[in-house]
1. Residues VAL47, VAL26: which one is of a type in the set (Val, Ile, Thr), touching a Gly at 6+ places or on another chain (Cβ under 6 Å) and within 19 Å of THR80 (Cβ to Cβ)?
2. Return the residues of segment 66-84 that are under 13 Å from LEU21 (Cβ atoms) and either part of a helix (DSSP H, G or I) or touching a Pro at 6+ places or on another chain (Cβ under 6 Å) (or both); say none if nothing qualifies.
3. Where in segment 1-62 are the strands (runs of 3 or more DSSP E), entirely inside, with at least 3 residues that are out of contact with any Asp or Glu (no Cβ under 8 Å at 6 or more places or on another chain) and of a type in the set (A, V, I, L, M, F, W, C)?
4. Could you please let me know if VAL26 is of a type outside the set (Phe, Trp, Tyr), surrounded by 19 or more Cβ atoms within 10 Å (Cβ to Cβ) and out of contact with any strand residue (DSSP E or B) (no Cβ under 6 Å at 6 or more places or on another chain)?
Amino acid sequence: MLRITFEKNSRGTTFRLEGRLMGPWVEELARVWHSALNGSGDGCTCVDLSDVTYVGEDGKALLEQMHDHGAKLTTSRCATRGLIEEIDHAVRRTSSH
């Protein structure tokens, strides 16, 4: 299960995720992300992964896509910090080619 909350203000949009990002929850996050940002390019997008306990391969792919579109991935946990670093390095490798 995944809980998705988001806050939109003049500075941008922050998504807070809690739980497991996998399976049908990946599709739900994608839907919420596209819906929240539809028609609004104002500010930055931040995805807070501090309360995520597991990320499946499909979830990682979506986070990479969000990062590619300018989303800043943040966390306060060591486990998800490694995932963010991995995504950041992967995106840098593909954008340099």
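Please treat every number below as a calculation from the coordinates, not as lab data. Given the structure is predicted, the values throughout are model-derived calculations rather than measurements. FYI the Cβ positions are ideal-geometry reconstructions off the backbone, even for glycines, and counts take in every protein chain you see.
1. After applying the criteria, what remains is VAL26.
2. MET66, ALA79, THR80, LEU83, ILE84
3. Here the list reads 44-55.
4. The answer is yes for VAL26.
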